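Colleague: Dropping the structure in here first, questions after.
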Ligand code: 5GP
């Protein structure tokens with residue numbers, strides 16, 4: 001699959017619902033696998049190293065930067081680095097999967113630049129800034145100060161939508177799921193699991 005493997009990038013401001021959409025797609029398509037990023041932020045309760053992120057200390061992260069092990073990396077929030085390891089993409093391609101990303105807007109654009117036509121970049125757009133603010137406020141994982149940093153970043157990221165291959169409006173979640181499934185099918189040729197099942201029983 002290495003040559004045939006594709007990349008589908010979901011990027012959005014924090015609070016747009018991209019993680020929910022990405023999780024849905026992973027359940028729907030056996031042929032997709034999630035690109036686990038490396039990051040230096042604290043692990044949240046319930047998160048597992050190697051499943052949610054590769055949690056690294058800053059020293060090791062910077063060593064990997066020096067060794068050019070990242071396709072892209074960024075200080076997404078002050079003091080917190082996130083990045084996509086080249087070895088992670090190879091690992092998933094070697095498993096015969098197309099690779100799905102849940103990364104921030106700048107990282108998404110960088111991956112698209114690197115991989116060109118092999119990659120589809122999707123900007124997940126919230127219904128409004130008010131909805132986005134509300135979602136961020138409902139998360140209990142951040143302090144007020146962290147929340148404000150995320151909110152400021154989210155609002156500034158909304159300006160980048162035109163640089164993506166397509167925009168996925170997340171006003172109604174079910175509609176967003178269906179549109180996302182179609183984007184994946186059209187780009188990779190994969191069929192959602194339930195359709196495969198229907199085909200096999202008809
Ligand atoms: P969180 O701390 O909430 O898990 O993620 C913070 C932000 O970092 C999210 O917007 C997430 O999509 C983004 N992110 C996760 N992994 C990467 C990565 O590998 N590179 C970049 N540039 N951003 C990432």
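The values are calculated or read from the model by the stated rules, or taken from the named source; none is laboratory data. If you're wondering where the values come from, they're calculated on a predicted model, not measured in any experiment. Neighbour counts are summed over all protein chains in view; Cβ atoms, including those assigned to glycine, are modelled from backbone coordinates with ideal geometry.
Colleague: Would you check which residues across region 75-84 are touching a helix residue (DSSP H, G or I) at 6+ places or on another chain (Cβ under 8 Å), in a strand (DSSP E or B) and surrounded by fewer than 19 Cβ atoms within 10 Å (Cβ to Cβ) and list them?
Modeller: The one that is touching a helix residue (DSSP H, G or I) at 6+ places or on another chain (Cβ under 8 Å), in a strand (DSSP E or B) and surrounded by fewer than 19 Cβ atoms within 10 Å (Cβ to Cβ): 77.
Colleague: Continuing with this model, one more query. Take residue 112 and decide whether it is touching a helix residue (DSSP H, G or I) at 6+ places or on another chain (Cβ under 9 Å), farther than 17 Å from residue 8 by Cα and surrounded by 12 or more Cβ atoms within 10 Å (Cβ to Cβ).
Modeller: no
Colleague: Quick one: is residue 29 modelled with pLDDT of 95 or more, crowded, with 16+ Cβ neighbours inside 10 Å and within 13 Å of the ligand (Cβ to nearest atom)?
Modeller: no
Colleague: Is there any pair linking a residue in region 36-53 that is under 19 Å from residue 90 (Cβ atoms) and within 8 Å of the ligand (Cβ to nearest atom) to one that is at pLDDT 95 or above and assigned to a loop (DSSP other than H, G, I, E, B), with Cβ under 6 Å and at least six apart or on different chains, and which?
Modeller: From residues that are under 19 Å from residue 90 (Cβ atoms) and within 8 Å of the ligand (Cβ to nearest atom), the pairs are 38/56.
Colleague: Restricting to region 93-129, name every residue that is assigned to a helix (DSSP H, G or I), over 24 Å from residue 17 (Cα atoms) and touching a residue at least 12 places away in the same chain (Cβ under 8 Å).
Modeller: 93, 94, 114, 115, 118
Colleague: OK, next. Considering only residues of region 144-157 that are within 13 Å of the ligand (Cβ to nearest atom) and either outside any helix (DSSP H, G or I) or touching a helix residue (DSSP H, G or I) at 6+ places or on another chain (Cβ under 8 Å) (or both), which is modelled with the highest pLDDT?
Modeller: 157
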